[in-house]
Amino acid sequence: MASSGKMEGPSAPALRRDPYEVLSVSRDSSDQEIKSAYRKLALKYHPDKNASNPEASDLFKEVAYSYSILSDPEKRRQYDTAGFEALENEGMDMEIDLSNLGTVNTMFAALFSKLGVPIKTTVSPTVLEEAMNGTVTVRPLPVGTSATGKVEKQSAHFFGITISEEQAHLGIVIRVASVAQSKFKLLFFEHEVSGGYGLALQEDSQKTGKVTSAGMYFLHFQVYRMDSTVNALAMAKDPEAAFFKRLEGLQPCEVSTLKPGTHIFAVYGDNFFKPASYTIEAMCAKSYEETTERLKEIESKILEKRNDLRQFETEYRKALARFQEVTTRYTQEKEAVDDMLRERDDIHSAFTTERTILSSVGPSSSSSRYPAEQSRTESPENGNIDGRDKSSKKKWFNLNLNRSDKRA
């Protein structure tokens, strides 16, 4: 389906091949099979182990790029449907190995992470190689207990958790928390035929309240993990779409059941510069039956809501396009109405003699007012008023005289 060709973007190899071919897996391979193939090839071609082989670096990038497609359900679906063309407009991201960045690049990565830019990191190949060779120190962690520690950056503390048949049937929960809000990874390893341990699962710590935490839940039903980088990348590309992509980060965990026996877990320090402090707990789900049912119920509701949002996003996009269309027309219509009313007012203003009068009035206009004013003051009406006042005064004088005469 996919033809080779040059690839856009810094994280892609110079030539692109079918991701299934690169990882040597079939198209119906499970997520766990794909992840296992990627880990082995990444360890095989890592530049640190192949300093004398210049081709190893390109092969490592090709493996990482292929895994970035097949490990993401949405990208895998797009590739299976339409090949690389469906992914060309997507911002392909890949995991980085902090142990191989160097001090300067690590500082930049830490700065971007502090600013909210999602930085996906991978486990150091040194840790993976030591685990594969079985040379790591494994500390026992009985079910129902906890352990506290501080792990150096890009290093790991390994724990062996032995579970009985009854505990395996009831379910097991492994949780790690850091009150110091350290960044870490919770790792789960499977036993290899060679006697070592191969990385099977990893959970990045997430900030929840005042702590960072990560957990793995083996409860005999499908449990999901939240990949926060999916929403962060969606927000960076399209802030309006971030809400609809918020639940897309919910990905199914590859392992939901543990068999009786000893299982290997590890806490990996994922801080950029300093050690990560943590507390790890191993619990049997028997004491958390109600909580287990609530988890199963809420994740079922979240999956239903995710499907609803996918449908609603289509409706929202159509409504938003229509809204933008009508608001644009509203602005245009408003401007048109304002222009017409303004022109109408101008036309009304044209029906006036005011400018004619003003232009005909000359310097003598002010003096011409005075005769009119004088004529108003000399009108008969004004004269009658003056006469009336004088007669009343005279009458009052006469009355006073008459009274004085009578008294005399």
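Of these, Glu152, Glu129, which one is modelled with pLDDT under 95, over 28 Å from the mean Cα position of the chain (by Cα), closer than 16 Å to Ile264 by Cβ and surrounded by fewer than 19 Cβ atoms within 10 Å (Cβ to Cβ)? Explain how you work it out, then say what you get.
On the way: Glu152 fails: closer than 16 Å to Ile264 by Cβ.
Just a single option satisfies the conditions, and that option is Glu129.
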>> I'd like the residue in the range 162-180 that is over 37 Å from the mean Cα position of the chain (by Cα) and in a strand (DSSP E or B) and, out of all such residues, is surrounded by the most Cβ atoms within 10 Å (Cβ to Cβ).
In response: Ile163
>> Condition first: polar (S, T, N, Q) and more than 20 Å from Met132 (Cα to Cα). Now tell me which residues in the range 163-197 satisfy that.
In response: Ser164, Gln167, Ser178, Gln181, Ser182
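I need the full set of residues from the range 181-194 which are open to solvent by less than 50 Å² (accessible area, probe 1.4 Å) and not in a strand (DSSP E or B), in order please.
Initial filter on the range 181-194 (open to solvent by less than 50 Å² (accessible area, probe 1.4 Å)): 182, 184-189.
The one that is open to solvent by less than 50 Å² (accessible area, probe 1.4 Å) and not in a strand (DSSP E or B): Ser182.
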> Tell me, which residue of the range 333-358 that is polar (S, T, N, Q) and either at pLDDT 95 or above or not in a helix (DSSP H, G or I) (or both) is nearest to the chain's Cα centre (by Cα)?
Replying inline: Thr352
>> Out of Lys286, Lys318, Lys305, I need the residue that is in contact (Cβ under 8 Å) with a residue 40 or more places away in the chain, assigned to a helix (DSSP H, G or I) and more than 21 Å from Tyr224 (Cβ to Cβ). Which one?
In response: Lys286
>> Just to check your reading of the model, which residue among Ser99, Ser52, Ser113, Ser57 is open to solvent by 80 Å² or more (accessible area, probe 1.4 Å), at pLDDT below 85 and hydroxyl-bearing (Ser, Thr, Tyr)?
In response: Ser52
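Kindly provide the set of residues from the range 185-216 that are within 22 Å of Arg39 (Cα to Cα) and among the hydroxyl-bearing types (Ser, Thr, Tyr), ordered by number.
In the first step, residues of the range 185-216 are kept if they are within 22 Å of Arg39 (Cα to Cα); the result is 185-205, 214-216.
Of everything in the range 185-216, those that are within 22 Å of Arg39 (Cα to Cα) and among the hydroxyl-bearing types (Ser, Thr, Tyr) turn out to be Ser194, Tyr197, Ser205.
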>> Looking at Tyr217 and the list (1) surrounded by 14 or more Cβ atoms within 10 Å (Cβ to Cβ); (2) under 20 Å from Val127 (Cβ atoms), which single condition is not satisfied?
In response: (2)
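Can you find a residue in the range 66-79 that is acidic (Asp, Glu), at pLDDT 70 or above and surrounded by 15 or more Cβ atoms within 10 Å (Cβ to Cβ)? Talk me through it step by step, then tell me what you get.
Taking the range 66-79 and keeping what is acidic (Asp, Glu), we get 72, 74.
Remaining after also requiring at pLDDT 70 or above: 72, 74.
Now drop any that are not surrounded by 15 or more Cβ atoms within 10 Å (Cβ to Cβ), which leaves 72.
So far as the range 66-79 goes, yes, one or more of its residues are acidic (Asp, Glu), at pLDDT 70 or above and surrounded by 15 or more Cβ atoms within 10 Å (Cβ to Cβ).
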> Mind checking whether some residue in the range 197-206 is open to solvent by 50 Å² or more (accessible area, probe 1.4 Å), at pLDDT 90 or above and either among the hydroxyl-bearing types (Ser, Thr, Tyr) or more than 26 Å from the chain's Cα centre (by Cα) (or both)?
Replying inline: no
> What are the pairs, 6+ residues apart or on separate chains, where a residue within the range 197-224 that is more than 18 Å from Phe159 (Cβ to Cβ) has its Cβ under 7 Å from a residue that is among the aliphatic types (A, V, I, L, M) and not in a strand (DSSP E or B)?
Replying inline: Val211/Val179; Leu219/Ala285
> Tell me, which residue of the range 45-65 that is of a type in the set (Gly, Ala, Ser) and not in a helix (DSSP H, G or I) is nearest to Ile34 (Cα to Cα)?
Replying inline: Ala51
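The values are calculated or read from the model by the stated rules, or taken from the named source; none is laboratory data. Just so it is clear, the structure is predicted and the values come from calculations on it, not from any experiment. FYI the Cβ positions are ideal-geometry reconstructions off the backbone, even for glycines, and counts take in every protein chain you see. Surface accessibility is based on the protein's heavy atoms, side chains included, excluding ligands, DNA and RNA. Shrake-Rupley method; radii C 1.70, N 1.55, O 1.52, S 1.80 Å.
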